[in-house]
Amino acid sequence: MKIVLEHLTKIYPNRNRKIKDEKIAVNDFTFEIPDGKLIGLLGPSGCGKSTTLNLICGLEDATSGKIFFGEDDVTKAPPENRGVGMVFQNYALYPHMTVEQNIMFPLGNLKGEAKLSKEQMKAKALEAAKLVQIDEYMERKPAELSGGQQQRVAIARALVKLPRVLLLDEPLSNLDARLRLQTREEIRRIQRETQITTIFVTHDQEEAMSISDMIVVMETGVVQQIGKPQEVYDDPKNLFVAKFLGTPPINVFDGEVKGEKLYIGECAVLDVKGVADQPVFIGIRPEGFVLADDGVFECKLSSVEVMGRDTSVVSKHDALLGTEIRSIIPAENKVDTSSPVVRFNLKPAKVHIFNKETTERIYFE
Ligand code: ADP
Ligand code: MG
């Protein structure tokens, strides 16, 4: 089921009439989520991710704009008629019910022709439980399950009605690191098997990048960029997106364009054809540094960390906005640790420059 959002906006009203504290949680979202895909909705805490999911499933009313599932306008439809399965961050399982009863619960309020017999409900619950591989625990209570298992029950419950759309709100945040990795692979598998259009919300860029067909990066209620994870990483539209994606993060410097050359301090580090003279922010990905004795960019060497396949070179420069430059170079390139300086050339595709006022990307040839 394709999902289309048209100028979707949610404004929470003033709570205090003396001061203006209206909150635009979701600001003019327009985008289309293709049928059968897994979308990562990514952004820092408080940027409006949960509000977006609540609008799509109908727990919140939109202030303006429209939501379509396929050709159906569901903007005003009550939640139970939308055919959405939702998994909340805290699972919200019923503690006094067994796993089976929890999974069956949404089937109990089907009415009229859709009403199911107890046997039909049990069969459907078992099918959903098998899909998330929790079927051997049907008689247990949630308290008798690990966090990862509880999460599976929550996913099975969201899937039991065969929803048109599956919404997952930070589904992995309560799990430890190992389980998080395993469960995210599991979610990917379930999504592939069921082909249900899925929106996966997270503030963790690595999580979003690793399992999504497409990511939507947002900040303070505004969509910043939409695309395939690798495309957004390679081609960030603005400084926020460039900084939000990537570990270690992109290194950001104060810089300047003079005579179609890019300067960091005294060093002319790159040709930037077609760019007018101006002060800029310069972002350099850790993998954009190439160690070279006669390199154009001189930094103060701090330390070298061996990581097996790669080496992490930590250095400093006065123009850096931050504490240290993190560069990643292949392990076979040896760094002279007796020298106080380290010199690099830069890979042009890994260097992005940004307008200092708007922080929008400036493109160069
Ligand atoms: P996220 O899920 O990305 O962390 P939310 O969607 O929960 O963000 O919240 C977005 C913004 O809307 C936040 O600034 C939050 O404080 C505000 N907000 C959320 N719910 C309400 C509400 N019921 N009333 C007023 N403001 C709200
Ligand atoms: Mg949230």
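Which of the following residues is at pLDDT below 90 and either within 16 Å of ligand 1 (Cβ to nearest atom) or assigned by TED's automatic domain parsing to the domain that holds Gly46 (or both): Leu167, Leu172, Leu159? I'd like the intermediate steps shown before the answer.
Details: Leu167 fails: at pLDDT below 90; Leu159 fails: at pLDDT below 90.
The match here is Leu172.
Identification of strands (runs of 3 or more DSSP E) wholly contained in the range 294-365 with 1 or more residues that are modelled with pLDDT under 95 yields 297-306, 310-316, 325-330.
Taking residues in the range 332-347 that are of a type in the set (Asp, Glu), and partners anywhere that are open to solvent by less than 90 Å² (accessible area, probe 1.4 Å), not one pair has Cβ atoms closer than 7 Å while being at least 6 places apart or on different chains. Any residue that is touching a Lys or Arg at 6+ places or on another chain (Cβ under 7 Å), within 17 Å of Pro163 (Cα to Cα), surrounded by 16 or more Cβ atoms within 10 Å (Cβ to Cβ) and modelled with pLDDT under 95 - is there at least one of those in the range 68-80? Scanning the range 68-80 turns up no residue that is touching a Lys or Arg at 6+ places or on another chain (Cβ under 7 Å), within 17 Å of Pro163 (Cα to Cα), surrounded by 16 or more Cβ atoms within 10 Å (Cβ to Cβ) and modelled with pLDDT under 95. Consider the range 4-22 and keep the residues that are in a strand (DSSP E or B) and surrounded by fewer than 16 Cβ atoms within 10 Å (Cβ to Cβ). The one that is modelled with the highest pLDDT is His7. For the range 209-225, name all the residues that are surrounded by 21 or more Cβ atoms within 10 Å (Cβ to Cβ), within 16 Å of ligand 2 (Cβ to nearest atom) and either modelled with pLDDT under 95 or part of a loop (DSSP other than H, G, I, E, B) (or both). Across the range 209-225, the qualifying residue is only Gly221. For the range 187-208, the tally of residues that are among the charged types (D, E, K, R), away from ligand 1 (no atom under 16 Å from the Cβ) and buried (at least 20 other Cβ atoms within 10 Å of the Cβ) stands at 0.
The values are calculated or read from the model by the stated rules, or taken from the named source; none is laboratory data. Just so you know, these numbers come straight off a predicted model, no measurement behind them. Methodologically, a virtual Cβ is constructed for each residue, glycine included, from the backbone with ideal geometry; neighbour enumeration extends over all protein chains shown. Accessible surface is based on the protein model in full, side chains and every heavy atom, while ligands, DNA and RNA are left aside. Shrake-Rupley method; radii C 1.70, N 1.55, O 1.52, S 1.80 Å.
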